[in-house]
Every structure is written in structure tokens, then in C-alpha cells.
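Working notes, structure below.
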Amino acid sequence: MGQLPGGEQLTDLLFSLCRLPNLGTPGIREAVARACGLGLASLLDAPGRRLTPEELQQLAMLNVPGEDENSRLETASVSASDAIERLETCCHHLLAVLQEHHFSLSAVEQAITTCFLSTPSSDVSDVCAVLSFVCTEILPRLMQTGDEIRHVLKALDGEYVPAGPSGSPTRGMVHVLPTGRNFYTLDPRALPSQSAWEVGSQLAKALIDRHMHETGRYPESVGLSIWGTSALRTQGDDIAQVFALLGVRPQWQHENRRLRGIEVIPLHELVGQLASGLQTEGNSERLKGNSERGESGRWEGQ
């Protein structure tokens with residue numbers, strides 16, 4: 001309590017804090033993958049699949065620490081999960097280089113240079129943005145960890161303890177740091193959060209995919225159990241899943257990340273989200289016809 005970890009533990013902590021998007025800044029894995037021309041979502045969707053020759057070529061530009069040319073050739077045939085592991089290893093390396101240079105902004109470019117064997121074909125601005133965010137936002141908040149003990153002592157003396165939001169900082173919520181504050185439960189105007197929407201929409205898609213696989217039909221109705229304590233912990237995964245099942249998505253104010261409303265997801269996007277893989281084989285023409293006519297998409301079973 002009250003102590004900031006050092007060495008490899010600090011690197012791991014920083015990675016967990018910037019793994020997901022934060023305050024409009026992309027996640028570090030997504031940024032590195034994009035710089036290589038890879039799609040992180042496609043890797044996460046099917047981690048067991050074999051990489052395409054193009055993906056292997058894009059992955060080869062990553063400089064994995066401790067890997068020589070021979071070992072790089074041995075890993076030429078890898079799966080998507082192996083690619084994710086290589087991406088995360090490079091992400092840790094980027095953060096370790098920053099740590100060696102005391103998280104100076106001038107070291108951002110040097111860290112990026114050491115991460116790639118060749119000049120990336122894609123833009124590295126997202127990688128720069130993530131590393132700069134680590135130096136200017138995440139680390140300064142972590143440096144206030146010592147306030148934990150001071151604020152506990154103030155509370156025992158009946159003195160004022162500064163208030164702050166609650167939540168898991170590793171879920172794209174670095175703004176809840178520093179720790180040691182008198183946190184309040186939640187801001188209902190900020191539910192669901194942007195990271196919760198990503199999780200909730202994936203949960204909704206997985207639910208429909210499973211029902212289609214087991215029954216061959218879309219579900220007529222869905223029952224969900226939503227707990228307040230879960231909303232506190234996840235910042236609204238369950239609520240986001242409900243929104244996705246209703247076919248709407250939240251819109252946030254960029255300044256404070258509070259909801260300013262919801263919008264209906266266009267039918268052609270719903271068709272692309274719900275009708276995938278084997279599901280489209282028997283319904284593609286019907287779905288296409290509904291989309292062209294602008295119908296509301298009342299597929300069989302809805």
C-alpha cells in the first residue's frame with residue numbers, strides 16, 4: 001500500500017492500464033497492430049486460425065527482444081494467438097524502453113524505432129499517442145500512489161479526503177486514478193462506458209451466434225439479469241449488451257465521456273454484425289432484400 005512497483009512489475013502494470021482505449025487514446029496492442037497493417041479484432045475473433053501469408057509478412061516487421069533471425073524463421077508459421085503474443089511482447093518492450101529513459105517524451109520515437117525491424121508501412125501516430133499518454137497521463141497518476149497512506153491517516157483524524165470516481169482502471173478507465181481517494185460509486189450519466197460498449201456488443205453478438213448455431217433461428221426474446229454491483233465493476237457491460245440487442249448504440253460527449261444520447265444502428269450494419277459465417281448461407285438473399293427495401297429487419301424468429 002502506498003508504494004509504486006518498479007522494474008518488470010511496473011511495465012506489466014502500465015501494459016494492463018493502456019491495453020484498452022483510454023480517453024480517446026487507442027489501446028497499445030491495437031496501435032502496434034495497426035502500425036504493422038494487422039487487424040487486432042480479426043486476430044482476437046479467431047485466435048486459433050492460421051495467419052495468411054500477408055499477415056505473416058506484416059508480423060515479420062516486429063522486433064521481438066531476444067529473438068534472433070533463426071528463431072524468427074522457426075516461428076514463420078504461427079496462429080493468430082501467437083501473433084497476439086508477439087504483439088504483446090513488443091508492447092512490453094516499448095514500455096520497458098520508456099522506463100529506461102525515465103518516461104521522457106523524447107524517448108517515444110526511440111522506443112518505436114527499436115520495436116520495428118523495418119519502417120512500418122502504416123502510420124505510427126497511434127503508437128506515439130499511446131506512449132505519450134503513458135508519459136503524461138498514466139505515470140503521473142501512478143506517482144500519486146503515496147497518497148493512499150496519507151489519506152487513510154487523514155480519514156482516521158476526521159479530516160477531508162478528496163473524492164474521486166470508482167471503477168477498474170484496467171478497463172480503459174485511467175481517469176479513476178490516483179487511488180486512495182474517497183471514491184463515489186458511479187456516474188449514471190456515463191453508463192455504459194466506451195470500453196463496456198465494446199464488451200457488451202461482443203456479448204450480444206456471441207449470444208445471437210450461439211442461438212443461431214443451436215436452433216437455426218434468431219431468438220424471439222432474450223432475458224438478462226442486470227446487477228447494480230456488476231455495473232459498478234464493469235461500468236455497464238450488461239447495459240451495453242441490452243443496447244446492442246435492441247439495435248442501438250450510445251453516443252458520448254468527448255469532453256467528459258457522459259452519454260449524450262443513443263442512435264439506431266443502420267440496418268446494413270446490423271446485417272453485417274448478425275449475419276456472419278454459416279448464418280448467411282441460408283439468409284443472405286433475404287437479408288439483402290430487406291436492407292435494400294429499408295425494412296426493419298424482422299427476420300424469422302423475431
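The values are calculated or read from the model by the stated rules, or taken from the named source; none is laboratory data. Predicted model, so just to flag it, every value in this text is computed and none were measured. All Cβ positions, glycine included, derive from the backbone under ideal geometry; neighbour counts span all protein chains shown.
Can you name the condition, by its number, that GLY247 falls short on among (1) surrounded by 12 or more Cβ atoms within 10 Å (Cβ to Cβ); (2) within 30 Å of GLY164 (Cα to Cα); (3) at pLDDT 90 or above? Going through (1) surrounded by 12 or more Cβ atoms within 10 Å (Cβ to Cβ); (2) within 30 Å of GLY164 (Cα to Cα); (3) at pLDDT 90 or above one by one, GLY247 breaks only (2). Among the numbered conditions (1) of a type outside the set (Phe, Trp, Tyr); (2) buried (at least 17 other Cβ atoms within 10 Å of the Cβ); (3) under 20 Å from ARG29 (Cβ atoms), the only one that SER168 does not meet is (2).
Considering ARG171, ARG217, ARG189, the condition of being more than 17 Å from the chain's Cα centre (by Cα) and at pLDDT below 85 is satisfied by ARG189 alone. Among the residues making up the range 77-104, those that are in a helix (DSSP H, G or I), polar (S, T, N, Q) and either free of Cβ contacts under 8 Å to residues at least 40 places away in the same chain or not assigned by TED's automatic domain parsing to the domain that holds SER16 (or both) are SER81, THR89. Residue under question is THR185, and the condition is that it be touching a helix residue (DSSP H, G or I) at 6+ places or on another chain (Cβ under 6 Å), surrounded by fewer than 18 Cβ atoms within 10 Å (Cβ to Cβ) and not charged (D, E, K, R); does it hold? Yes; evaluated as a whole, the condition is true for this residue. Residues in the range 49-66 that are in a loop (DSSP other than H, G, I, E, B), modelled with pLDDT of 90 or more and closer than 11 Å to ALA83 by Cα: ARG49, LEU51. Would you point out the residue of the range 1-37, among those that are aliphatic (A, V, I, L, M) and touching an Asp or Glu at 6+ places or on another chain (Cβ under 6 Å), that is nearest to VAL78 (Cα to Cα)? That would be ALA31. Yes or no: the range 220-239 includes at least one residue that is within 19 Å of the chain's Cα centre (by Cα), β-branched (Val, Ile, Thr) and crowded, with 20+ Cβ neighbours inside 10 Å. Scanning the range 220-239, I find at least one residue that is within 19 Å of the chain's Cα centre (by Cα), β-branched (Val, Ile, Thr) and crowded, with 20+ Cβ neighbours inside 10 Å, so the answer is yes. Scanning the range 107-125 for residues that are modelled with pLDDT under 75, surrounded by fewer than 17 Cβ atoms within 10 Å (Cβ to Cβ) and more than 22 Å from the chain's Cα centre (by Cα) yields a total of 4. A single member of SER201, SER221, SER225 is hydroxyl-bearing (Ser, Thr, Tyr), under 22 Å from LEU270 (Cβ atoms), in a loop (DSSP other than H, G, I, E, B) and out of contact with any Gly (no Cβ under 9 Å at 6 or more places or on another chain), and it is SER221.
Taking the conditions exactly as written (at pLDDT 85 or above and outside any helix (DSSP H, G or I)), does LEU38 satisfy them or not? Yes, satisfied.
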